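J.: I have a structure I would like to understand better, so I am pasting it below and will then ask my questions one at a time.
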């Protein structure tokens with residue numbers, strides 16, 4: 001099965017069902033399918049071939065979904081771009097992906113116009129705005145309005161593809177350097193969606209609230225899993241006003257909510273969520289980074305009787321690798337659970353040998369969901385894909401029942417006086433304090449210790465900035481060598497649009513100030 005088959009087959013089953021709600025308007029499966037065929041028809045008519053890359057620079061919306069499926073129906077490779085972008089970022093991504101087409105909106109004109117002048121491979125610009133004169137002046141690319149494409153010819157049929165064809169290049173956030181293009185095939189994506197549907201027990205009656213961007217693989221998985229079963233998607237891009245999102249959840253009677261740890265921290269600390277009752281809510285799910293056990297308990301309580309699914313994965317895994325059954329949350333608190341269907345998870349040492357229960361090793365995975373590699377980066381690919389396994393870089397232990405517990409990232413281990421200290425462990429302890437909204441712990445250079453521990457803390461309120469209180473609590477709960485040498489309070493921490501804390505930004509700030 002191909003990714004675009006998810007839309008085609010579901011539209012045949014539920015043609016008039018409302019598939020996507022966005023900005024007060026719903027579109028049915030048949031409407032989305034028909035418009036996606038217009039995109040496919042335009043690309044084929046303008047000699048965009050099977051395997052060509054097509055960039056999508058559109059925030060979550062009907063148009064993003066229509067465009068995405070239209071690109072795949074034309075046999076092309078979708079390259080969904082981060083909508084929090086700059087001109088330099090666009091130049092790099094468009095040239096690196098060798099994109100021939102970009103489909104976008106006038107919202108990004110300021111960043112895109114100067115970028116296009118330095119991207120000679122772009123032949124077509126499809127844009128949701130009427131005045132195209134500035135784009136027509138560029139010379140090497142043809143510009144057309146999205147409305148014209150929607151009014152144009154429909155593709156007679158999808159371009160023939162096979163499931164090991166490249167479907168999508170997903171660029172990582174680049175928080176630790178130059179973004180890597182993760183190459184995901186139709187097989188990678190569809191096989192993972194099937195597994196997710198099974199453990200989430202998704203049906204055509206499910207309706208998910210989407211606040212995560214579709215260019216982020218976790219956000220994309222919400223779209224694809226619900227299209228697979230004939231469910232529906234509710235889009236709200238206004239998480240800067242989280243109470244509004246709660247109101248939309250209530251109004252639209254969503255059955256599911258997905259987020260990263262910061263999503264739930266904001267809902268718990270910055271909204272009136274405890275005053276709401278969500279009668280239709282069946283589940284909430286968390287992935288995209290470790291959520292402290294203390295926060296998991298609170299999320300479970302606040303959203304009860306909805307079930308909390310704690311999940312683990314990576315962009316390179318399209319994206320899901322494991323989940324913790326909600327029924328085991330209390331007795332396996334802090335665990336990422338066990339592998340999902342059709343995935344093997346192993347714990348290995350530096351040489352790839354299996355690690356017995358109770359000892360720490362690196363998580364490695366295998367399955368039909370594992371990426372083909374990094375785009376134009378054979379060295380980076382060889383670093384993580386070895387011996388038929390994907391090496392995640394996450395350090396963990398397994399208990400006697402086979403449940404995985406992450407200790408930290410191999411690159412997020414702080415070496416203090418020769419001791420290996422997990423930043424994650426310290427963060428979880430700090431988050432046990434009611435006065436703390438969120439935190440990030442990093443290692444900083446120290447002439448005596450090698451590395452010293454620094455904790456950045458966002459308090460829940462302005463008065464919750466008592467360093468002595470935090471220090472006393474940590475001294476009671478952590479050994480001496482794991483105590484932060486420095487504590488700095490912040491109003492907020494740097495994050496990407498998907499809500500992940502960017503520790504690299506904090507490290508870069510320190511290096512600039514030295």
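Every residue, every condition in (1) over 20 Å from the mean Cα position of the chain (by Cα); (2) at pLDDT 95 or above; (3) under 20 Å from residue 424 (Cβ atoms), yes or no:
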residue: 307; (1), (2), (3): yes, yes, no
residue: 310; (1), (2), (3): no, yes, yes
residue: 341; (1), (2), (3): yes, yes, no
residue: 344; (1), (2), (3): yes, yes, no
residue: 351; (1), (2), (3): yes, no, no
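J.: Tell me, please, whether a residue that is surrounded by 19 or more Cβ atoms within 10 Å (Cβ to Cβ), in contact with a helix residue (DSSP H, G or I) (Cβ under 6 Å, 6 or more places away or on another chain), assigned by TED's automatic domain parsing to the domain that holds residue 298 and closer than 23 Å to residue 422 by Cα can be found in region 349-363.
T.: no
J.: Can you tell me which residues in region 399-412 are touching a residue at least 24 places away in the same chain (Cβ under 8 Å), within 17 Å of residue 350 (Cβ to Cβ) and in a strand (DSSP E or B)?
T.: Hit for region 399-412 is 407, nothing else.
J.: What pairs come up if the first residue lies in region 358-386 and is under 26 Å from residue 94 (Cβ atoms), the second is in a helix (DSSP H, G or I), and their beta carbons are under 6 Å apart, counting only those six or more places apart or on different chains?
T.: Pairs found: 371/316; 373/381; 374/380; 374/381.
J.: Another question about this same structure. For residue 287, which of the numbered conditions (1) modelled with pLDDT under 95; (2) out of contact with any strand residue (DSSP E or B) (no Cβ under 7 Å at 6 or more places or on another chain); (3) within 29 Å of residue 263 (Cα to Cα) fails to hold?
T.: Result: residue 287 passes all but (2).
J.: Next question, about the same structure. Filter the strands (runs of 3 or more DSSP E) completely within region 94-179 down to those with at least 1 residues that are surrounded by fewer than 16 Cβ atoms within 10 Å (Cβ to Cβ), touching a strand residue (DSSP E or B) at 6+ places or on another chain (Cβ under 8 Å) and touching a residue at least 60 places away in the same chain (Cβ under 8 Å).
T.: Working: elements: 101-105, 124-128, 142-145, 166-171.
The qualifying strands (runs of 3 or more DSSP E) are 142-145.
J.: Which one is surrounded by the most Cβ atoms within 10 Å (Cβ to Cβ), of the residues in region 262-275 that are within 21 Å of the chain's Cα centre (by Cα) and over 13 Å from residue 300 (Cα atoms)?
T.: 263
J.: Moving on. For residue 27, which of the numbered conditions (1) surrounded by fewer than 24 Cβ atoms within 10 Å (Cβ to Cβ); (2) in contact with a helix residue (DSSP H, G or I) (Cβ under 8 Å, 6 or more places away or on another chain); (3) farther than 18 Å from residue 230 by Cα fails to hold?
T.: Result: residue 27 passes all but (3).
Yes/no per residue for (1) in a helix (DSSP H, G or I); (2) within 22 Å of residue 239 (Cβ to Cβ); (3) modelled with pLDDT of 95 or more; (4) over 20 Å from the mean Cα position of the chain (by Cα):
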residue	(1), (2), (3), (4)
8	yes, no, yes, yes
33	yes, no, yes, yes
36	yes, no, yes, yes
63	yes, yes, yes, no
68	yes, yes, yes, no
75	no, no, yes, yes
83	no, yes, no, no
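The values are calculated or read from the model by the stated rules, or taken from the named source; none is laboratory data. In this text the structure is predicted, and so the values were computed from the model without any measurement. Neighbour counts run over all protein chains shown; Cβ positions are idealised from the backbone, glycine included.
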